[in-house]
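The values are calculated or read from the model by the stated rules, or taken from the named source; none is laboratory data. Keep in mind that this is a model prediction, so the values were computed, not measured. All Cβ positions, glycine included, derive from the backbone under ideal geometry; neighbour counts span all protein chains shown. Side chains included, ligands, DNA and RNA excluded: accessible areas come from the protein's heavy atoms. Shrake-Rupley method; radii C 1.70, N 1.55, O 1.52, S 1.80 Å.
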Amino acid sequence: MIGSDLLIDAAATGITGLITDTTKTGSSSVLGKTIKGLKDKSAQAIFQASRKYIENYQKRHCQLKVLGMREPVDLSAVYTGVKLLDSRDVLCFEMDALEDTFRKNRLRGYSGRGRDDEKYSGITIANQNQYLMVLGGPGAGKSTFLRKVGLEALRTFHYERAEYKHRLIPVLLELRRFEAGNIDIAKFIAAEFETCGFPEAEAFTQNALAHGNLLVLLDGLDEVPSAQLNKVLKTIRDFVDRYDDNRFMASCRVAASGYRDDAFRRFSDVTMADFDDEQIQQFITNWFGSAQDVERGTADKCWEVLQKPENKASKELAHTPLLLTYLCLVYDLSQRFPSNRSGLYKKALRILLEEWAAEKRILRDDIYEGLSIEQEEILLSEIAYEGMNADQLFFAQKDLSGQIKEFLASNLNAPKHLDSEAVLNAIEVQQGILVERAEETYSFSHLTLQEYLTAQYLMDNDEWRALVANHLPESRWREIFLLLPGLMPGKAGADKLLMAMEQVANNCLNTEKLRQLVSWADFSTQSSDQKMKPSARRLGAIFLALAHARDLAHALDRDRALDRVRSLARSLDRALDLSLSRARSLARSRSLALNLALALARSRSLAGQFKAADIFSHVDFDELLRSFNALSEKVPVSDASKAEKVKVLEVLYGLWFSALGLESQTAQLSQSESESLADYFYIYELMIRCKESATRVSPKVWEGIESRMLTVPAVGEATAG
């Protein structure tokens, strides 16, 4: 904000001086005579009008109240500096290249517009360009950026080192108000000044325009009613040509950039970049900037929670300022993000589908007169599911148009008069859920939205069972599995889903060796420490066995299984997770352990940790440690051959398996067995996460699942509901 009355007075004085200094039109003209009358007006009257204008700008354009906020917030308090992309790189990639880039970088979102574009400070670009068109998706912060530049322009009248370098009077015009009749931009501007009491407002406006003293902010070209668009474009073109000494900034959604015609031929195009991590954190810090929040460290806690792996998809939404605002509002209510992420994403989708347009009072095109929000959501869910099922994140325009056409034709209640390409364009321009990433190539604006809509499709069409049967271990479906429990209604809740997942997990124990390994873990931990869950004890036993597998041919697959053990341990028991975290660094593959002294030291430490964990019911770790000490006396010196060292290592690992009561061959898994075991651990970890994100789970059902976890099911035992 401008700040105190003193600063407002200083800015008003500056504007008054600007008016006085620039009223130099010759008195022989009609305009000159009018301006002479303006000069004769009381300087105090002009000062008061200037003061009121500044206050009005702050109240009307620098107070944010969106998404049902109880109280408005000051734009300056929460504003986070934006970054812009040079729009010469917009729409430059082909679909296959986009897919390759996305998968290579394992991105959850796609914030770039082709290659790794250089980002520039928004205010810097505004300083450099007299005519600037700011493009961006819905909720990207275009309007906020224009308002901020206008605010910085006001600061130039009282602050010599203001970020904006041009001493101009900002005038913000919301183009959606250009609805009917004769559109006279100069009169719109004059009305802004007249409201604040400027004497001779029209004459003042003409003089300011003639001398290039205005920063004209044209907000929301895409929000102009379709019936008025051609007239508005012509009016803007003529106005800019006539008053080209002024500075102009306009905003428009990327998808509607074709609306611009040649009315904006002078304008340089830039695109709003998605927020990066630094901007997200700064926005959160600004949002929770009250004295109470600062004392409690709310911003730091919010950022820390958003960084957690389980909130990875939620964080993707935070790259869009509008949805980041929504996330801050959600966190403010309960100081956490809900475990039922389905509800979170459903609300985010609805914000884009209808709420944002309603809050901005944007009239929906005629295209929507017969197509309800519910029908559109069904359409989008079909597109999302078919894409995920085909492992496709980007869509050709002709394919999307074909899907829309088929949907309209196959739905008795859908309007038949609609053109499929017009529907696609309306969805992109007004909502930004589908966005054009390259020429005639589209994707969902957020992968999270595609995943949510896919989960909704699976529930609506009762196809989740096929997903469990065919795709459960595949990581690309993980977020969808986590969304399903929150969408499952009724008394049974997610019970059937969890039992179906358990059946697939048990099918992973598909060889006798795997069943023997799991049976051994169950038997060897049955009467040990009851402070740790039985499933956690069994997991710890399997970890120790795998860590000493001697077959190096499949070390990478073994290590993958061990990593999955760690992930499952984090879900089952914090104490076990801590033990395995330390043990994992000790249980290196044998290729790293030819330093025998180091190998023995690691084994001693590992034995001590598992003795303290009290996982096993029959292992004598004291005797094992004595065996290690005896072996250390036989360790060859550093000049021993590799064969001699390997022989000692064979003895070392033999001591481990003898103490554990396990045949060493049982832990020597083939590549396919290692992969199956890794999938087995992954599925159980995913089940725990699904249980946590479910709306409802039967305690009895979950107790049964947990008691059977990491055990071999009896022959004929049924676990699926």
**Prompt:** Given R₀ = 30 Å, FRET efficiency for Asn507-Arg336 by Cβ-Cβ distance, to 0.05?
**Reply:** 0.25
**Request:** Could you name the lysines whose alpha carbon sits less than 30 Å from that of Lys642, not counting residues in the same chain fewer than 8 places away?
**Result:** Lys634
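Mind ordering 196-203, 471-478, 450-457, 167-174 by average Cβ neighbours within 10 Å, highest first? Walk me through the intermediate numbers first.
On the way: 196-203: 18.9, 471-478: 16.4, 450-457: 26.1, 167-174: 20.9.
Order by mean packing, descending: 450-457, 167-174, 196-203, 471-478.
Only four residue types carry charge here, +1 at the Cβ of Lys and Arg and -1 at the Cβ of Asp and Glu. Report the dipole size of the stretch 419-504 about the Cα centre in Debye, rounded to the nearest 20. Don't jump to the answer; show the numbers that get you there.
Values: 6 positive and 14 negative charges, 113 e Å.
Roughly 540 debye for the stretch 419-504.
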**Message:** Give me the extension gain from Met69 to Asp245: residue separation times 0.36 nm, minus the current Cα-Cα distance, reported in nm with one decimal.
**Reply:** 59.4 nm
**Asked** How would Asp262, Asp460 line up by accessible area, probe 1.4 Å, largest first?
**Response** Asp460, Asp262
**Fill in**
Pseudo-spin-label distance Ser632 to Ser670, built 7 Å along Cα→Cβ, given in nm, is 4.1
**Hz values of 3J(HN,Hα) by residue in the stretch 420-429 - Karplus curve (6.51, -1.76, 1.60), Gly and Pro given as x** = 4, 5, 5, 5, 4, 5, 5, 4, 6, 5
**Probe 1.4 Å - accessible area at Arg237, Å² to nearest ten** = 60
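Put Leu229, Leu175 in order of accessible area, largest first, 1.4 Å probe: what do you get?
On the way: Leu229 25, Leu175 0 Å².
Greatest to least solvent exposure: Leu229, Leu175.
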**Request:** With only Lys, Arg, Asp and Glu charged, each at its Cβ (+1 for the first two, -1 for the last two), find how big the charge dipole of the stretch 298-359 is about the Cα centre; round to the nearest 20 debye.
**Result:** 260
**Message:** I need the peptides 618-627, 682-691 ranked by packing, meaning the mean over residues of other C-beta atoms within 10 angstrom, with the highest value on top.
**Reply:** 682-691, 618-627
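Quick one: grab the alpha carbon gyration tensor of the stretch 114-229, order the square roots of its eigenvalues as a ≥ b ≥ c, and give me rounded if a/c is under 1.5, else prolate or oblate depending on whether a/b is larger than b/c.
Numbers: a/c = 2.38, a/b = 1.17, b/c = 2.04.
Here the stretch 114-229 falls in the oblate category.
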**Asked** Leaving out ligands, DNA and RNA but keeping every protein chain, what accessible area does Ile351 have, in Å² rounded to the nearest 10, with a 1.4 Å probe?
**Response** 0
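Going down the table (Lys83/Lys165; Lys533/Lys647; Lys52/Lys119; Lys119/Lys346; Lys59/Lys315), which pairs top 26 Å between alpha carbons?
On the way: Lys83/Lys165 18 Å; Lys533/Lys647 38 Å; Lys52/Lys119 37 Å; Lys119/Lys346 31 Å; Lys59/Lys315 31 Å.
Checking Cα-Cα distances, Lys533/Lys647; Lys52/Lys119; Lys119/Lys346; Lys59/Lys315 exceed 26 Å.
What order do Arg161, Arg341 take when sorted by accessible area (1.4 Å probe), most exposed first? Please list the in-between numbers first.
Details: Arg161 185, Arg341 30 Å².
From most accessible down to least: Arg161, Arg341.
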**Request:** At 1.4 Å probe size, with no ligands or nucleic acids counted, give the accessible surface of Trp520 in Å², nearest ten.
**Result:** 20
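For the stretch 258-302, give the magnitude of the charge dipole about the Cα centre (Cβ charges: +1 Lys/Arg, -1 Asp/Glu; no others), in debye to the nearest 20.
Numbers: 5 positive and 10 negative charges, 41 e Å.
It comes to approximately 200 debye.
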**Greater than 26 Å apart at Cα, pairs in Lys347/Lys416; Lys187/Lys234; Lys405/Lys496; Lys148/Lys308** = Lys347/Lys416; Lys405/Lys496; Lys148/Lys308
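Mind ranking 376-383, 646-653 by how tightly packed they are, going by the mean number of other C-beta atoms within 10 angstrom, highest first? All intermediate terms of the calculation are to be shown ahead of the outcome.
Values: 376-383: 21.1, 646-653: 16.1.
Result, highest mean first: 376-383, 646-653.
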